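Trainee: Below is the structure I would like to discuss, written out as structure tokens.
The values are calculated or read from the model by the stated rules, or taken from the named source; none is laboratory data. Owing to the predicted nature of the structure, the values given are computational and were not obtained by experimental measurement. Cβ placement follows ideal geometry from the backbone for every residue including glycine, while neighbour counts extend to all protein chains displayed. Heavy atoms of the whole protein, side chains included, go into the accessibility calculation; ligands, DNA and RNA do not. Shrake-Rupley method; radii C 1.70, N 1.55, O 1.52, S 1.80 Å.
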Amino acid sequence: MSELLAPRRHVVTVCRRLYERGLIAGPDGNVSVRLDSGRLLVTPAGMSKVDVREEDLVEVTLDGEVASGERPPTSELAVHLRIYRRRADVNAVVHAHPPHATAFAMVGEGIGPVLPELVWQVGWVPLVPYAMPGTAALAERFDPFLDRHDAFLMAHHGAVTAGRTLRDAHQRMESLEHAATILLAARQLGEVRPLAAADVAALMEARRKAMPDDVYPDRPAGGGARTEG
């Protein structure tokens with residue numbers, strides 16, 4: 001997808017790709033981008049993302065006030081706002097329910113850097129403890145993780161990815177689900193052997209040079225962390 005696409009068209013395109021790839025179903029998930037004006041363009045509440053049109057999108061301020069749009073904004077607006085307020089480098093956020101990645105969240109696991117591609121594209125994916133979806137309490141649960149991560153699993157809920165562009169955020173969601181699928185298959189075959197710490201460090205150094213403005217995971221290696229949700 002070209003970053004030259006107008007923001008509204010780009011959001012609609014990502015919504016449909018999330019649906020077509022089975023990362024969301026029904027009214028699940030939400031997408032947002034930061035506009036040049038400083039406002040956010042977000043998906044509306046209650047709509048299947050495959051049906052969302054450009055005119056259905058809602059503009060909101062960083063205070064959460066609706067600036068334009070005929071529909072209410074996504075019920076997960078608080079999470080989006082929390083990320084944008086804390087991360088000036090983030091210009092897009094995607095929330096979805098990728099089946100295999102969400103399965104890890106259901107059993108209380110994050111996903112560590114077990115694949116080179118995951119380290120490069122996403123980094124270590126922490127588990128955000130459970131809080132009621134659509135609440136300020138859930139947004140607050142992200143606080144310990146926001147400064148060091150670009151992707152998050154939410155206990156008993158789903159996944160969130162952030163990026164400098166909507167393309168980055170969307171691709172991270174796809175990469176997260178692909179890695180979770182591979183990791184699940186590997187566990188069925190035998191014990192997962194994580195990347196050596198030195199190999200992870202080398203990958204992260206290459207990532208720093210290629211993407212100097214990105215944030216990086218705070219754990220060097222491992223297959224994930226189990227956390228009470």
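Trainee: Pairs only if they're at least six apart or on different chains, beta carbon under 9 angstrom, first in the range 1-20 and at pLDDT 90 or above and among the small types (Gly, Ala, Ser), second assigned to a helix (DSSP H, G or I) and open to solvent by 40 Å² or more (accessible area, probe 1.4 Å); list them, first residue then second.
Mentor: Every condition considered, the pairs that remain are 6/54.
Trainee: Could you list, in sequence order, all residues of the range 36-65 that are of a type in the set (A, V, I, L, M) and open to solvent by 30 Å² or more (accessible area, probe 1.4 Å)?
Mentor: First, the residues of the range 36-65 that are of a type in the set (A, V, I, L, M): 40-42, 45, 47, 50, 52, 57-58, 60, 62.
Of everything in the range 36-65, those that are of a type in the set (A, V, I, L, M) and open to solvent by 30 Å² or more (accessible area, probe 1.4 Å) turn out to be 45, 50, 62.
Trainee: Within the range 66-86, is there a residue that is more than 21 Å from residue 154 (Cα to Cα) and in contact with a His (Cβ under 8 Å, 6 or more places away or on another chain)?
Mentor: no
Trainee: Pick out the one residue from 40, 18, 35, 57 that is closer than 20 Å to residue 91 by Cα and in contact with a Phe, Trp or Tyr (Cβ under 7 Å, 6 or more places away or on another chain). Break it down into steps so the answer makes sense when it comes.
Mentor: Details: 18 fails: in contact with a Phe, Trp or Tyr (Cβ under 7 Å, 6 or more places away or on another chain); 35 fails: in contact with a Phe, Trp or Tyr (Cβ under 7 Å, 6 or more places away or on another chain); 57 fails: in contact with a Phe, Trp or Tyr (Cβ under 7 Å, 6 or more places away or on another chain).
Going through 40, 18, 35, 57 in turn, the sole match is 40.
Trainee: Considering each of 18, 23 in turn, give the residue that is assigned to a loop (DSSP other than H, G, I, E, B), open to solvent by less than 30 Å² (accessible area, probe 1.4 Å) and hydrophobic (A, V, I, L, M, F, W, C).
Mentor: Exactly one of 18, 23 is assigned to a loop (DSSP other than H, G, I, E, B), open to solvent by less than 30 Å² (accessible area, probe 1.4 Å) and hydrophobic (A, V, I, L, M, F, W, C), namely 23.
Trainee: Just to verify a result, which residue in the range 66-80, among those that are among the polar types (S, T, N, Q) and open to solvent by less than 50 Å² (accessible area, probe 1.4 Å), is farthest from the chain's Cα centre (by Cα)? Lay out the reasoning, then the answer.
Mentor: Initially, the range 66-80 is screened for residues among the polar types (S, T, N, Q), giving 68, 74-75.
With the extra rule that they be open to solvent by less than 50 Å² (accessible area, probe 1.4 Å), the set shrinks to 68, 74.
Details: 68: 25, 74: 15 Å.
Among those that are among the polar types (S, T, N, Q) and open to solvent by less than 50 Å² (accessible area, probe 1.4 Å), it is 68.
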